[in-house]
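Student: This is the structure I have questions about; it appears just below.
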Amino acid sequence: MQTKSAIMMRVLLNGFHQGSFESFLSCLPGTEAQEVLAQQIDSGDPLPALAQPLEKLTRIHYSWLVPLVEKLPADVREVMVKALPEPHQTKVAQALKLELKAEPLADLVQIYLVDELYQRLKGAPEVLPPDYLPRTAISGLTEWKKDELLDLIDLLGLHDLTEEIRQVVDKKKLQSIYSCLNKRELQYLQHNLLRKEKIATPSLGLDRWNGDCKKLKSVMHSRGLVRLGKALSGEHPDILWHIMHALDQGRGEALQKVYSKKPLPGVTGPLSQQVQGIINILKKKSDE
């Protein structure tokens, strides 16, 4: 039995045959029945499997589509961009400097073109919907939007700053650093200063920092991206896929580079806990 078939069988069993599955699966060869039972899926809803590429594209950052459209023949690019949902249509057109004509596409033409483009996106045809992925402490990030993920990455990067700031004795430099942070970041930094960092990281080079806030924030953001990638190590690869494609292509590929299929001993656990803590902070903020 193909993995996808086993997954869908498990989803249908969850939804329509609750209770013991063994009697229902007895008609299958033993190996196939065991494959169905081995699927770690709680969902009993078949609808996510039926989602169309047009709907799926709304969760993917437009920057992943730009190089795909750019490779198309010049006379096809405009039509393909017009098939995209908004805001992807406008963003991709701007990136490729295309001026779109006002005439709309027929629905069937739009569906066909978007399906063609989606099939060209690496990994997209095989990736599982978030609903069918294993539920873990941080798998819910597959549902987060880009801006939410960026907030999480920024706060993660503050862990790198925390340890180094303990060594700064120059009050003017400390004030300069604090002035670069927003209220939530300052609060999280104070929270971190009360705890010992469990992961050793390379120096940020604060002794050479010239007071440029933009540069400091950029370095911390990069460090946060590395922490997130290592925290995701060991998670199902499709969890990574959904998160990296909600981000722009540059950040997504950077995340993929530090991800490992297996947890990193002594690293992934503590970093996952940091991610979970920030998830709780951001959720609490959104509920206020």
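Student: Can you confirm whether region 184-201 contains a residue that is in contact with a helix residue (DSSP H, G or I) (Cβ under 7 Å, 6 or more places away or on another chain) and free of Cβ contacts under 8 Å to residues at least 12 places away in the same chain?
Tutor: Scanning region 184-201, I find at least one residue that is in contact with a helix residue (DSSP H, G or I) (Cβ under 7 Å, 6 or more places away or on another chain) and free of Cβ contacts under 8 Å to residues at least 12 places away in the same chain, so the answer is yes.
Student: Given the conditions (1) on the phi < 0 side of the Ramachandran plot; (2) surrounded by fewer than 17 Cβ atoms within 10 Å (Cβ to Cβ), which single one is not true for G266?
Tutor: Failing condition for G266: (1).
Matching residues to (1) of a type in the set (S, T, N, Q); (2) within 30 Å of Y118 (Cβ to Cβ); (3) in contact with a strand residue (DSSP E or B) (Cβ under 7 Å, 6 or more places away or on another chain); (4) free of Cβ contacts under 8 Å to residues at least 60 places away in the same chain:
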position	(1), (2), (3), (4)
K215	no, no, no, yes
Q249	yes, yes, no, no
L255	no, yes, no, yes
P270	no, no, no, no
Q273	yes, no, no, yes
I278	no, no, no, no
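Student: Next question, about the same structure. Checking the conditions here, which among L117, L108, L57, L113 is touching a His at 6+ places or on another chain (Cβ under 8 Å), of a type in the set (A, V, I, L, M, F, W, C) and outside any loop (DSSP other than H, G, I, E, B)? Give the steps one after another, and end with the answer.
Tutor: On the way: L117 fails: touching a His at 6+ places or on another chain (Cβ under 8 Å); L108 fails: touching a His at 6+ places or on another chain (Cβ under 8 Å); L113 fails: touching a His at 6+ places or on another chain (Cβ under 8 Å).
Matching residue, one of L117, L108, L57, L113: L57.
Student: Which one is modelled with the highest pLDDT among residues in region 31-50 that are part of a loop (DSSP other than H, G, I, E, B) and within 12 Å of D131 (Cα to Cα)?
Tutor: Here the answer is D42.
Student: Being surrounded by fewer than 17 Cβ atoms within 10 Å (Cβ to Cβ) and touching a Ser or Thr at 6+ places or on another chain (Cβ under 7 Å) narrows it down to one of P48, P85, P130, so name that one.
Tutor: Within the list P48, P85, P130, the selection yields P85.
Student: Sticking with this one: Any idea how many residues of region 120-150 are in contact with a Pro (Cβ under 7 Å, 6 or more places away or on another chain) and either under 20 Å from K283 (Cα atoms) or not in a loop (DSSP other than H, G, I, E, B) (or both)?
Tutor: 4
Student: Another one. Any residue at all in region 142-155 that's among the aromatic types (F, W, Y), over 18 Å from W64 (Cα atoms) and in contact (Cβ under 8 Å) with a residue 60 or more places away in the chain?
Tutor: No: zero hits.
Student: Quick check: anything in region 173-185 farther than 25 Å from T268 by Cα, among the β-branched types (V, I, T) and assigned to a loop (DSSP other than H, G, I, E, B)?
Tutor: no
The values are calculated or read from the model by the stated rules, or taken from the named source; none is laboratory data. All of these numbers come straight from a predicted model, not from anything done at the bench. Note that we place each Cβ from the backbone using ideal geometry, even for glycine, and neighbour counts take in every protein chain shown.
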